[in-house]
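Values quoted throughout were computed directly from the atomic coordinates according to the rules given, and no laboratory measurement underlies them. Computed from a predicted model, the values in this text were never measured in an experiment. Glycine gets a Cβ as well: all are built from the backbone with ideal geometry, and neighbour counts include every protein chain shown.
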Amino acid sequence: MAGEKLDTVAIVEEKDDSPKIKNLSDFWTFLKKELKPRGNIATPFNLISLPIMILGYIFIVYRLAAGLGKPITNLNQDFPWGLWIGFDVVTGVAFAGGAYVLCFVVYILRAEKYHAIIRATVLNGFLAYLFYAGAIVLDIGRWWNIYNPMIGNSFGVNAVMFLVAWHFFLYMLAELVEFSPTIAEWLGMKRLRKILGSLTLGAVVFGICLSTLHQSGLAALMIMAKNKIHPLWYTEFIPILYFVSSIFAGLSMVIFEGSISHKVFGDQIDEAHHKHYDDILVGLARICSVAMFGYFFLKIILLVHEHAVPYLNSPMGYWFLLEIIGFVLVPCFMFAHGAQQRNTSTIKFAAVITMIGIIINRLNYTFIAYNWYVPLSQKYWPAPMELIITASIILTEIWAFRWIVNRMPVLKEPPAWARKLH
Amino acid sequence: MEELFTYTDIFATKGVEYLIIIAFFILIVAFWGLVNMRPQ
């Protein structure tokens, strides 16, 4: 009898409740069902975010129709890079760096400890590229020509933007392939899941190669502005600084986003994973602290190498010191202390400080330390419409992330049939 | 005439860079120990 009972339990556990999609009609029926909102719609987050998003979409349409000038942006010939490039694109890409770092740790170094958060991280990276790097459309004056570097109408192989465009495009494809097994599991497509699962490792290797190149490739834009960027920030090694900083920027984002996800989507995560999560945070904090330690010394060496030490005793110098001490060295030791004491609150706080530091660093390159000799009254300040459009892009990404996590096996366990494939 | 030129002693400058790198290699060992130290 006991044996019969155990068998029944095993059958119940492995019951396949995946959708049975056999044709296009089944797919549409399933998709329509999934598109319907779940739970209470009138939450405080929805009520605040929805009006901002709608307003942002209206401004986006207005910007695409009317161009980049006032009143939409405060950009001009002296300050061609503003909030959209500085925050949405350059900072957004640094924050998305967690995906390639974690993929390297999990798939190449085989640190299985981090496997539990790999899907959420890859999804976060993919959406970051889709929305933030996608926001590059807003920054291109003749945005309707954006496909030219892809189709060869005008490749523009001498332009840094050619490199950036192709890297972004290929990396988004690589991340989509990495995430595609989750989509196949959601759709219940077993055969497709098997094929896509076999592509993961190749996509990961390809994605890591692309990431190391385009994280630094973005900095090539800054290299062209030698006479405009303050000597404390300008160096021919900006690409290396961007690449190294993307390691701890991305992992800080993983800590920040993961901590929020664990609270918001806590019901989807099993108890074992909850307990295991502190170990993951401690491991990530260790990686962050060592990367930041190296980055700090790189900054010091370049300070000497570029003969920029005399500039330290100036207002811009104090701003530079605040960036590298307050937002690099301090969180570096906070991460180290948090990892040593296994104090997750310190680790989370250090992640937030690091993220603020990365935002400051990237904005320094795009408009704060850029044209630094211009009087404050003539400096660039983001226009209200720029801020609202940026907020709407971030909120749309959060909505997309929430929709996917609530439907696909991102944080929750994959279906039994998919687990058997491992 | 002399003040019109700024002489940079490249060897002295490189020396500082080497010293920073040596300091980094020494300190990274201590830092690694700190990060991996068992909690009290």
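General observations
- Filtered GluC sites (Glu not before Pro), the stretch A:181-285: DSSP coil and at most 12 other beta carbons within 10 Å: A:GLU236
- Separation of the B:LEU19 and A:HIS307 label points, Cα + 7 Å toward Cβ, nm: 1.9 nm
- Residues in the stretch A:119-161 reached by a label modelled at A:LYS412 [backbone nitrogen below 14 Å; 7 Å Cα→Cβ]: none
- The calculated FRET efficiency for the pair A:LEU192 and A:GLU236, based on their C-beta separation and a Förster distance of 45 Å, comes to about 0.45.
- Computed helical MRE - 222 nm, the protein assembly as shown, DSSP H runs ≥ 4 contributing -39500 (n - 2.57), nearest 500: -21000 deg cm²/dmol
- Net length gained if the chain between A:LYS263 and A:LEU421 were fully extended (0.36 nm per residue, minus Cα distance): 53.9 nm
- The mean number of Cβ atoms from other chains found within 10 Å of a Cβ in peptide B:25-38 is 4, as a whole number.
- Between the stretch A:116-163 and the stretch A:329-352, the alpha-carbon center distance in angstrom: 33 Å
- The modelled label-to-label distance for the pair A:GLN378/A:LEU55, using points 7 Å beyond Cα in the direction of Cβ, is 3.2 nm.
- Taking 0.36 nm per residue of sequence separation and removing the Cα-Cα distance, the A:LEU213/A:GLU34 pair yields an extension gain of 60.7 nm.
- Förster-model FRET efficiency, 25 Å R0, A:MET161 and A:ILE398, C-beta, rounded to 0.05: 0.35
- Approximate spin-label separation A:LEU322-A:LEU199, in nm, with each point projected 7 Å along Cα-to-Cβ: 4.8 nm
- For A:LYS22, the lysines whose Cα comes closer than 21 Å to its Cα, not counting residues fewer than 8 places off in the same chain, are A:LYS32, A:LYS33, A:LYS190, A:LYS194.
- Multiplying the residue separation of A:PHE333 and A:ILE108 by 0.36 nm and removing their Cα-Cα distance gives an extension gain of 78.2 nm.
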